[in-house]
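**Q** Sharing a structure with you now.
The values are calculated or read from the model by the stated rules, or taken from the named source; none is laboratory data. From a predicted model like this one, the values you see are computed outputs, not experimental measurements. For neighbour counting, all protein chains shown are included, and Cβ atoms are generated from backbone atoms with ideal geometry for every residue, glycine included. Protein only, heavy atoms only, side chains kept; ligands, DNA and RNA dropped before computing areas. Shrake-Rupley method; radii C 1.70, N 1.55, O 1.52, S 1.80 Å.
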Amino acid sequence: MIPCLLSHRRTHTSRTLNTMNTKIFQWALVISGALSSFAQISAPIGGSGYLYATGISITPLHQKAWTMDGSSIVIADLKPDSNPVYLGRCLGNKCELFENGTLRIDQLINTDNKTYTVTTRLGGVTSTERVPLNVYNLLTSPTISVSSSIRPVNGTTLRLTCNSGVQTVHKVYFYQNGQVVNCNLPHLSCNDSSPILNFNPILDIDTGYYTCVIQNPVSQNSSTALFVNVAVNVSEVTISNNATRPNTVDKDSVALKCSSYGTDVSYKWTFMGSPLPPNPRYHLTNNGSTLIISPVTRNEQGPFVCEVGNYLNNDISNPYYLTWLPNGQITCDAQGSGRNIQLYCSWPGGYPPAQVHMTYQTENLTELDGVRLEIPFDQFPLGSPLSCTGTHQGSNETCTVLIDNPQYPGFNASTRFVKKGNSVFFPVTLSSAKTAQIFPSKFSWFQMEPTQTELSTGENFSIVSSDYSSVLIIHYISEELAGRYMCKAGNAIGNNSFIFNVEVEKEVLTDDDILSVGAIAGIVIGSLAVLAVIVLIVVHVTCSNNKGSTPNTESSTGNTSSEPISVQGTQPANSPGPKPAEEDPTGGNIYEQPDPQPVDPVQSMNPQTVSFSPY
């Protein structure tokens, strides 16, 4: 490190400031690496240089004297407890000698580039040390030039030169975009002692702004930036799809991106060998490199081709074809054909076509879009499963169906007793006793009595059916609607029938419904008493109005009707009406209260849940 500088007292403030500035400058040189060893001192022309010994020890008690090589004249001398004496080069405040033996020389010029000697004396012991001083000019900005006047092309050679003129330069560095160029890269040739950077060859990664920096032990300087723009031929044109799965036609959108290797490129799209036609579903973005189709239809199968070009060349992509999913889900089906039955596994409509595999007993078949197998009825065992598997662009679909006629596991053909005026429903839900699904069926309903009659939704009946379920609802049951009903279900394998019975409940009269003889007699007597009072009132009024006249016989006998008087409650709006009077064993008349209004049959369907969708 630089020794501590102990200065004598001075009265000139400017001298002290000059010393401080010089010290700061020297420290800057040390930190920057310009002064790698104090045995050889470097300093700029016009600046100051600090000369000091490193091999001998110097204290304030030593006498110190500095001389220049080639001259025996002392230029600076300092004795203990005395002020320095300056001669020759150091006259006129051009030097300063410190107690530790360091000599600062100011206002350096080219002729100061010499070796200086310091001599110390103490107690009859004399020591000397030589100190070289190298004086350099401060560097000015260099310029950077390129070997070609035309734009460089990827794969060709190029040379950059850092021009510093007649300046003495120790090191040269090239920078790309602010970073030092790595001269160890295999396609580069350069070193810090040469002003040349060679590209063998130049690559697209070499595009950027280049500067060169020159250095000497006391300064460095940089050139202005030079932009090197490497042109690249068009190659490796490809089309990619943003979708990670096949599209659903008429629903999904797709973005086709055209990518390539090259500079300053332009894009052209073709569809089925012709320029891209005007279409409101086609949108070009990103300077034409991306084609958006929204939505995709089956007309966009392809091929799509992207052409990329620049001023050097043109290149095209491979044909690209869109893919889309098959229609819906894979289906297992069967159809009758004469004395044979045809089994189907079907998953059509995909592009490319789906691979469909059928498994039935010992048969294993694979085809595109679908598989068909025909078997004679007499060789057709019921209860065997048909399995289908479809594979398309990484997607898989399966279905399994039981080869059997319609089945209703747990069906009970018992008789249902229903109160007159209420509604009843009969559900049929198809399934199989195995895990496989059974074929969908068509349903027909029949009233079996008095003759077999096919039913449809109307005033007395409602029928709701799906592929696997059907429900018959009978509204406001009566004796005429009681009897047997049949549901006939048929699929491609065969038919099956399910019989239902419905009977009207016999009404049982309770104690609350039957009036006692005394109650009936009381009602009759009360009725006659009321009638007698009414007759007397009528006769009295008549007599009062016709005094002296002969009484009207017809009037006196017109209100003595012997018909019984019955009192009934209000009839419900939807009631089928009161029941006819039944003869009481005692001879009186019994009048039934009418049935309450029937409950909505749809709301009363609670015995079991009916599913209208396939298992």
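**Q** Among the residues of region 72-98, write down those that are in a loop (DSSP other than H, G, I, E, B) and closer than 18 Å to residue 128 by Cα.
**A** Result: 72, 73, 79, 80, 98.
**Q** For region 354-366, which residues satisfy the criterion of being surrounded by fewer than 14 Cβ atoms within 10 Å (Cβ to Cβ) and in contact (Cβ under 8 Å) with a residue 12 or more places away in the chain?
**A** 361
**Q** If we keep just the residues of region 459-490 that are among the charged types (D, E, K, R) and not in a strand (DSSP E or B), which is nearest to residue 427 (Cα to Cα)?
**A** Among residues in region 459-490 that are among the charged types (D, E, K, R) and not in a strand (DSSP E or B), the one nearest to residue 427 (Cα to Cα) is 467.
**Q** Return the pair list, or none, for Cβ contacts closer than 7 Å from residues in region 264-276 that are more than 16 Å from residue 320 (Cβ to Cβ) to residues that are in a strand (DSSP E or B), at least 6 apart or on different chains.
**A** Close Cβ pairs (under 7 Å, with a partner that is in a strand (DSSP E or B)) amount to 265/308; 265/309; 266/309.
**Q** A further question follows. Taking the options 268, 251, name whichever one is charged (D, E, K, R) and either more than 30 Å from residue 349 (Cα to Cα) or in a strand (DSSP E or B) (or both).
**A** Just one listed residue meets the conditions, 268.
**Q** Of the conditions (1) out of contact with any Gly (no Cβ under 8 Å at 6 or more places or on another chain); (2) exposed (fewer than 15 other Cβ atoms within 10 Å of the Cβ); (3) under 16 Å from residue 228 (Cβ atoms), residue 198 fails just one. Which one is it?
**A** Going through the list (1) out of contact with any Gly (no Cβ under 8 Å at 6 or more places or on another chain); (2) exposed (fewer than 15 other Cβ atoms within 10 Å of the Cβ); (3) under 16 Å from residue 228 (Cβ atoms), residue 198 breaks only (2).
**Q** Search region 47-61 for residues that are on the phi > 0 side of the Ramachandran plot and open to solvent by 20 Å² or more (accessible area, probe 1.4 Å) and pair each with any residue that is not hydroxyl-bearing (Ser, Thr, Tyr) and not in a loop (DSSP other than H, G, I, E, B) when their beta-carbon atoms are under 9 Å apart and the residues are at least 6 apart or on different chains.
**A** none
**Q** Checking residue 132 against (1) closer than 21 Å to residue 218 by Cβ; (2) in a loop (DSSP other than H, G, I, E, B); (3) not β-branched (Val, Ile, Thr), only one condition comes out false. Which one?
**A** The failed condition is (2).
**Q** Could you check, for region 298-320, whether at least one of its residues is of a type in the set (Val, Ile, Thr), open to solvent by 20 Å² or more (accessible area, probe 1.4 Å) and either under 27 Å from the mean Cα position of the chain (by Cα) or more than 28 Å from residue 253 (Cβ to Cβ) (or both)?
**A** Looking through region 298-320, none of the residues is of a type in the set (Val, Ile, Thr), open to solvent by 20 Å² or more (accessible area, probe 1.4 Å) and either under 27 Å from the mean Cα position of the chain (by Cα) or more than 28 Å from residue 253 (Cβ to Cβ) (or both).
**Q** Residue 426: open to solvent by 60 Å² or more (accessible area, probe 1.4 Å), aromatic (Phe, Trp, Tyr), out of contact with any helix residue (DSSP H, G or I) (no Cβ under 8 Å at 6 or more places or on another chain) and over 30 Å from residue 328 (Cβ atoms), yes or no?
**A** So residue 426 fails the test.
**Q** Exactly one of (1) closer than 22 Å to residue 42 by Cα; (2) surrounded by fewer than 22 Cβ atoms within 10 Å (Cβ to Cβ) is unmet by residue 103. Its number?
**A** Just one mismatch for residue 103, condition (2).
**Q** Give the residue, chosen from 141, 127, that is of a type in the set (Gly, Ala, Ser) and outside any loop (DSSP other than H, G, I, E, B).
**A** Within the list 141, 127, the selection yields 127.
**Q** Also, quick follow-up: Given the conditions (1) touching a residue at least 40 places away in the same chain (Cβ under 8 Å); (2) within 11 Å of residue 103 (Cβ to Cβ), report the number of the one that residue 77 does not fulfil.
**A** Of the numbered conditions (1) touching a residue at least 40 places away in the same chain (Cβ under 8 Å); (2) within 11 Å of residue 103 (Cβ to Cβ), the odd one out for residue 77 is (1).
**Q** How many residues are assigned to a strand (DSSP E or B) and either of a type in the set (Lys, Arg) or more than 22 Å from residue 250 (Cα to Cα) (or both) if we restrict to region 346-389?
**A** 25
**Q** Among the residues of region 460-489, which ones are in contact with a Phe, Trp or Tyr (Cβ under 8 Å, 6 or more places away or on another chain) and open to solvent by less than 20 Å² (accessible area, probe 1.4 Å)?
**A** Answer for region 460-489, where residues must be in contact with a Phe, Trp or Tyr (Cβ under 8 Å, 6 or more places away or on another chain) and open to solvent by less than 20 Å² (accessible area, probe 1.4 Å): 468, 469, 470, 471, 472, 473, 474, 485, 487, 489.
**Q** I need the full set of residues from region 152-186 which are open to solvent by 70 Å² or more (accessible area, probe 1.4 Å), on the phi < 0 side of the Ramachandran plot and either touching a residue at least 24 places away in the same chain (Cβ under 8 Å) or not in a loop (DSSP other than H, G, I, E, B) (or both), in order please.
**A** Result: 157, 159, 168, 170, 171, 179, 180.
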